[in-house]
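Novice: This is the structure, below, for whatever I ask next.
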Amino acid sequence: MIFARKLLHLPGSIGAAAGRSLPVIRALARWYERRPFLTLWGVLATGMVVMLVLFGRDAGLTLRQHVVLATVTVALAWLCTWIVFLDDADSHDLSD
């Protein structure tokens, strides 16, 4: 997951400009350097749950159903993150 580091250090890139101007991006980059799996999982799960809440408001679901859907969404975000890191580990093994 060196992509994020490269994106933040490319001169003139969107990531470089955002990294200089937004402290949130810098904090996420620092978190990603220390804990890439947890950072990616947290960002992905947060975005997925926010979309679930925004688009599922008028679906007529009970609070319990929303909580179950949010829990399953967080588990799905974990699975997606695991697959990404598994694929990243496989690509490193092939290049050696």
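Novice: Kindly establish whether Asp58 is of a type in the set (D, E, K, R), in a helix (DSSP H, G or I) and surrounded by 13 or more Cβ atoms within 10 Å (Cβ to Cβ). Write out each step before concluding.
Specialist: Details: of a type in the set (D, E, K, R): yes; in a helix (DSSP H, G or I): yes; surrounded by 13 or more Cβ atoms within 10 Å (Cβ to Cβ): no.
Judged against the criteria, Asp58 is not a match.
Novice: Please state which one of Ala45, Ala16 is part of a helix (DSSP H, G or I) and modelled with pLDDT under 90. Outline the logic, then answer.
Specialist: Values: Ala45 fails: modelled with pLDDT under 90.
After applying the criteria, what remains is Ala16.
Novice: Out of region 32-42, which residues are surrounded by fewer than 16 Cβ atoms within 10 Å (Cβ to Cβ) and assigned to a helix (DSSP H, G or I)? Give the steps one after another, and end with the answer.
Specialist: Taking region 32-42 first, the residues surrounded by fewer than 16 Cβ atoms within 10 Å (Cβ to Cβ) are 33-35, 37-38.
Once the filter is applied, which keeps residues that are surrounded by fewer than 16 Cβ atoms within 10 Å (Cβ to Cβ) and assigned to a helix (DSSP H, G or I), region 32-42 yields Glu33, Arg34, Phe37, Leu38.
Novice: Separate question: Would you mind telling me which numbered condition in (1) loosely packed, with under 11 Cβ neighbours inside 10 Å; (2) in contact (Cβ under 8 Å) with a residue 12 or more places away in the chain Leu69 fails?
Specialist: Exception for Leu69: condition (1).
Novice: So which residues in region 61-70 are farther than 17 Å from Thr81 by Cβ and part of a helix (DSSP H, G or I), if there are any at all? Spell out how you get there, then give the answer.
Specialist: Keep residues of region 61-70 that are farther than 17 Å from Thr81 by Cβ, which gives 61-69.
Across region 61-70, the qualifying residues are Leu63, Arg64, Gln65, His66, Val67, Val68, Leu69.
Novice: Could you please give the count of residues in region 59-83 that are out of contact with any Phe, Trp or Tyr (no Cβ under 9 Å at 6 or more places or on another chain), under 14 Å from Leu44 (Cα atoms) and not hydroxyl-bearing (Ser, Thr, Tyr)? Don't jump to the end; show me each part of the working.
Specialist: Going residue by residue through region 59-83, those that are out of contact with any Phe, Trp or Tyr (no Cβ under 9 Å at 6 or more places or on another chain) are 59-73, 75-76, 79, 83.
Keeping just the survivors that are under 14 Å from Leu44 (Cα atoms) gives 70-73, 75-76, 79, 83.
If we keep only those that are not hydroxyl-bearing (Ser, Thr, Tyr) as well, we get 70, 72, 75-76, 79, 83.
Looking only at that region, the number is 6.
Novice: Next up: Of the residues Ala29, Ala75, which single one is in a helix (DSSP H, G or I), surrounded by 12 or more Cβ atoms within 10 Å (Cβ to Cβ) and hydrophobic (A, V, I, L, M, F, W, C)? Let's see the steps before the verdict.
Specialist: Working: Ala75 fails: surrounded by 12 or more Cβ atoms within 10 Å (Cβ to Cβ).
Just a single option satisfies the conditions, and that option is Ala29.
The values are calculated or read from the model by the stated rules, or taken from the named source; none is laboratory data. Please read all numbers here as calculations on a predicted model, not as lab measurements. So basically every Cβ, Gly included, is an ideal-geometry build from the backbone, and we count neighbours across all protein chains shown.
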